Protein chains: 2
Amino acid sequence: MKILEKVRETIERFKMLFPGETVIVGVSGGADSVGLLYILTELKEYNLKLIVSHVNHGIRAEEGKRDAEFVEQIARKLNLPFELKNVDAIGFKKTSGLSLEEAARVLRYEFFKEVLKRYEAQKIATGHTLDDQAETIIMRFIRGSGALGLSGIPPVSEGYIVRPLIEIKKVEIKAYLQEKGIGWVEDSSNRLMDFTRNRIRHKLIPQLEKFNPRIKETIARSGEIIRAQEEFIRTEAQEQFPKVFQSTEEHELVGTIRTYKSLPEALRFALIRMAIEKVKGNLRQVSYKHILSIDRLLASEVPSGEIFLPQEVIIAKGYALFVVSRKSLLKQEFSYTIDSPGKWKFPLVEVEVEFTEISLSELPKDRFTGFFDAGLTGFPIEVRSFRPGDRFIPLGMKKFKKVKRFFIDEKVPRFLRRRIPIFTSKGEIMWIGGMRIDERFKLRGKRALEIKIIKPRW
Amino acid sequence: MKILEKVRETIERFKMLFPGETVIVGVSGGADSVGLLYILTELKEYNLKLIVSHVNHGIRAEEGKRDAEFVEQIARKLNLPFELKNVDAIGFKKTSGLSLEEAARVLRYEFFKEVLKRYEAQKIATGHTLDDQAETIIMRFIRGSGALGLSGIPPVSEGYIVRPLIEIKKVEIKAYLQEKGIGWVEDSSNRLMDFTRNRIRHKLIPQLEKFNPRIKETIARSGEIIRAQEEFIRTEAQEQFPKVFQSTEEHELVGTIRTYKSLPEALRFALIRMAIEKVKGNLRQVSYKHILSIDRLLASEVPSGEIFLPQEVIIAKGYALFVVSRKSLLKQEFSYTIDSPGKWKFPLVEVEVEFTEISLSELPKDRFTGFFDAGLTGFPIEVRSFRPGDRFIPLGMKKFKKVKRFFIDEKVPRFLRRRIPIFTSKGEIMWIGGMRIDERFKLRGKRALEIKIIKPRW
């Protein structure tokens, strides 16, 4: 039978299954997954232990029950274990904010992984076909969205979710089932769940087939080439990642513009996507358009600018640096009071304050340690973030300067300005932490107040 | 005016034009190219010298003349030089075997390059728009063909052909012309020339716009990302090329399977395309399908196999090697007669034959030099390619062996077997050139006939 040969080839090429493995087979009752199940039972040489698993999404009560019973019957007929879970996809859609299709998928895979653990199984097999592949690629092509974009559904994901039918057309599976006299159910919930996919399947693909009758194969193939490219570029980008980015806060990355600009476009695009994924947790709703506009900002001569992404993610450029972060992280303000010498550990700042004897000629060059005249500096000392209107007299100067102006002259990126701890004594700024001491508070004799900033955040 | 700003941005980003350059502007008379011409005259800061160039493809005699006159008038109005060429695209289509669209394009660019030289100009500008870009990408997406596939029309090709409107939509250009009261002609030959493109423009794109109203921008953007990936991978592949391939004949490459297999898929795909392009001269009619099946053959455990491409191009694998060549090159048979000592230079073989004195213990280890017993070897000596049925007694053996069997045992790829010169004396094989001497002709005394193969072909 030709279809078995083709599936075997796919399994071999992508190293999907190995003899003796236990495989959780996701069976909806539709032609694809029923076909998958029967085909796997026919691949005797693999000697697989199959576990039939079905998720009732609770979208159409009656029909859902019918489908579950149908799949259970198949399992019984094949003498295979049957695992069922009833879930509430509609409820989860509401609480999660996902689309119904996504919500259903998340719940489905959750259950399959649970069954995988329970049976100590090696693989989860799903019935995705070449039709699904083509539809997915077309959908992303049209949307211009998705990180891996045009590369479509991976034949293997997470190393253990396998799709042995990914190179088989739905018509082939139906023909196989019909020839064997095996029935299936039409899953109307599919049609309910994904409107766009259904329009693509029923309206657009027939249109495209007029241009190329083998459009599905063609598109699946181009997906394969693009997937290989993506993988290669991702591997290269992974190597460059630590050269461009460093982590400051958790879920925040600061990058160096110069290193970034020195890379080829393709790597830059990949690096942006990787950075966003780390900060945002995923790449949902991030499109080509975002990636390109971010790259244009970063690679251009413009010294500063900001780009906003969904989920409060922000990309900000400032002089030599840029940051991939969340709005909330960049807007954090703070103000803490220090009323005596000692170690002070606040949520966003950690400092050590002590009186010490030191002569002017001995002052160490560590910019994160400041020495102030003990006679002039009084408690309480406040350590706080920048406020509009702040002014001080920079060391060596005679007149007040706006801190904002000082930041601009020093080319401190706007997004880092709130991170710099400003120390005041009796309401007057004594130190732009790590940057410049105030003339008025500078060490004059030998007795100093020493402030050390531990773990600076910029 | 917003359109000028956008064009400026495109020109800057892709470094298309520099102040004071002389630019050949291809103007068909259609909205796009007329728009391009006017926009370029408006970009005063570039201070360009524009040369209006028009090609009459001779497809519709009357209309062609009207268009040429229309463009000439525009040039006169703008006080710019006008260059016209009448060509016979239909005739060239027939002789070249190209499609009418391709034939017309070849002739058009030929003329533009001619004008470029004549004016000592720096650039050729064409009026390709974002619409053309989207159409091209969709066309290739549907066909699955084309080397750069989904990356579309490059904003700059060959370093000097520039497309300043590649990010502008046709409707924007028409609006610009209407606002300025500038007319254009509808080029009906366009519609004649490219049937598929027109169907895509008028049937498919409106369909796609129902899914995504900004489909053209979306697709153009995905093309930009893919172009960057392609470029990056090509650069990497270029570095690997000499490690995998060596040239034997002109327009023939022999590759090492082991090195090839050690590379990531994406580089392998790119290397195959580059090799085919070198041998075939172009990548026309080479699709993803070819690339994938070639890679599967080469990367698989199968020891030998052949894949045929258009234009007689062949990819053949044999044990440790593979070749990208032309059928004719692999099928070449030869037979030459050597009737006395001396240097013999034949089209496919070059040898030096002389009598010499040498003792068995002194025999050098150069496999391309054979020593035969002078007493047993007689002229004429024939040097020829392998023939089915050939047999000889390999040195050290007692019985005849089929040469074909010998080749198989020695793992000589099938595609190289015809290249190995076989030397016969009086109809009997004395030497499988460079590989094994025949037992019957081996050197017994001191007087030898020495045959040296110069420039072996395998």
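The values are calculated or read from the model by the stated rules, or taken from the named source; none is laboratory data. All values reported here derive from a predicted model rather than from experimental measurement. Please note: Cβ atoms are built from the backbone with ideal geometry, for glycine as well, and neighbour counts cover all protein chains shown.
Quick look at the numbers
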| item | result |
| --- | --- |
| Contacts under 6 angstrom Cβ, first residue in the stretch A:286-313 being more than 19 Å from A:R326 (Cα to Cα), partner polar (S, T, N, Q) and not in a loop (DSSP other than H, G, I, E, B), 6 or more apart | A:Y288/B:S222 |
| Residue pairs meeting the criteria (Cβ under 7 Å; at least 6 apart or on separate chains; first in the same structural domain as A:G35 (by TED's automatic domain parsing), in the stretch A:161-175; second assigned to a strand (DSSP E or B) and of a type in the set (K, R)) | A:V162/A:K123 |
| Subset of the stretch B:320-346 [within 26 Å of the chain's Cα centre (by Cα) and in a loop (DSSP other than H, G, I, E, B)] | B:A320, B:Q332 |
| Conditions (1) closer than 26 Å to A:D131 by Cα; (2) touching an Asp or Glu at 6+ places or on another chain (Cβ under 6 Å); number of the one not met by A:R60 | (2) |
| Residues satisfying the stated conditions in the stretch A:272-297, i.e. outside any loop (DSSP other than H, G, I, E, B), away from chain B (no Cβ under 12 Å) and within 18 Å of A:T235 (Cβ to Cβ) | A:M274, A:A275, A:E277, A:K278 |
| B:I226 facing chain A (nearest Cβ under 8 Å), touching a Ser or Thr at 6+ places or on another chain (Cβ under 9 Å) and buried (at least 21 other Cβ atoms within 10 Å of the Cβ) | yes |
| In the stretch A:402-433, the residues that are more than 30 Å from A:L298 (Cβ to Cβ) and either touching a Leu at 6+ places or on another chain (Cβ under 8 Å) or not aromatic (F, W, Y) (or both) | A:T424, A:S425, A:K426, A:G427, A:E428, A:I429, A:M430 |
| From the options A:S325, A:S340, residue that is farther than 20 Å from A:I420 by Cα and among the hydroxyl-bearing types (S, T, Y) | A:S340 |
| Search result, residues across the stretch A:112-162 that are β-branched (V, I, T) and not in a helix (DSSP H, G or I) | A:I124, A:T126, A:T129, A:I153, A:V156, A:I161, A:V162 |
| Meets criteria (of a type in the set (D, E), over 30 Å from A:K210 (Cβ atoms) and more than 10 Å from chain A (Cβ to nearest Cβ)) for B:E265 | no |
| Yes/no for A:E102 being surrounded by 14 or more Cβ atoms within 10 Å (Cβ to Cβ), over 27 Å from A:E42 (Cα atoms) and touching a residue at least 60 places away in the same chain (Cβ under 8 Å) | no |
| Residue list for the stretch A:252-264, filter: touching a Phe, Trp or Tyr at 6+ places or on another chain (Cβ under 7 Å) and in a helix (DSSP H, G or I) | A:I257 |
| Hits in the stretch B:1-52 (condition: within 28 Å of B:A104 (Cβ to Cβ), of a type in the set (S, T, Y), part of a helix (DSSP H, G or I) and in contact with an Asp or Glu (Cβ under 8 Å, 6 or more places away or on another chain)) | B:T10 |
| Which listed residue, of B:L376, B:L395, is more than 14 Å from B:I422 (Cα to Cα), in contact with a strand residue (DSSP E or B) (Cβ under 7 Å, 6 or more places away or on another chain) and surrounded by 14 or more Cβ atoms within 10 Å (Cβ to Cβ) | B:L395 |
| Conditions (1) within 14 Å of chain A (Cβ to nearest Cβ); (2) under 19 Å from B:L177 (Cα atoms); number of the one not met by B:Q73 | (1) |
| Unmet criterion (only one of (1) of a type outside the set (K, R); (2) over 30 Å from the mean Cα position of the chain (by Cα); (3) exposed (fewer than 15 other Cβ atoms within 10 Å of the Cβ)) for A:T95 | (2) |
| Odd one out for B:E249, checked against (1) crowded, with 20+ Cβ neighbours inside 10 Å; (2) in contact with a strand residue (DSSP E or B) (Cβ under 9 Å, 6 or more places away or on another chain) | (1) |
| Selection within the stretch A:182-209 - part of a helix (DSSP H, G or I), at pLDDT 85 or above and either within 8 Å of chain B (Cβ to nearest Cβ) or crowded, with 16+ Cβ neighbours inside 10 Å (or both) | A:R197, A:R199, A:I200, A:R201, A:K203, A:L204, A:I205, A:Q207, A:L208 |
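Condition check ((1) away from every other protein chain (no Cβ under 14 Å); (2) over 17 Å from the mean Cα position of the chain (by Cα); (3) of a type in the set (S, T, Y)) across all residues:
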residue: B:K216; (1), (2), (3): no, yes, no
residue: B:I219; (1), (2), (3): no, yes, no
residue: B:F232; (1), (2), (3): no, yes, no
residue: B:Q238; (1), (2), (3): no, no, no
residue: B:F241; (1), (2), (3): yes, no, no
residue: B:E252; (1), (2), (3): yes, no, no
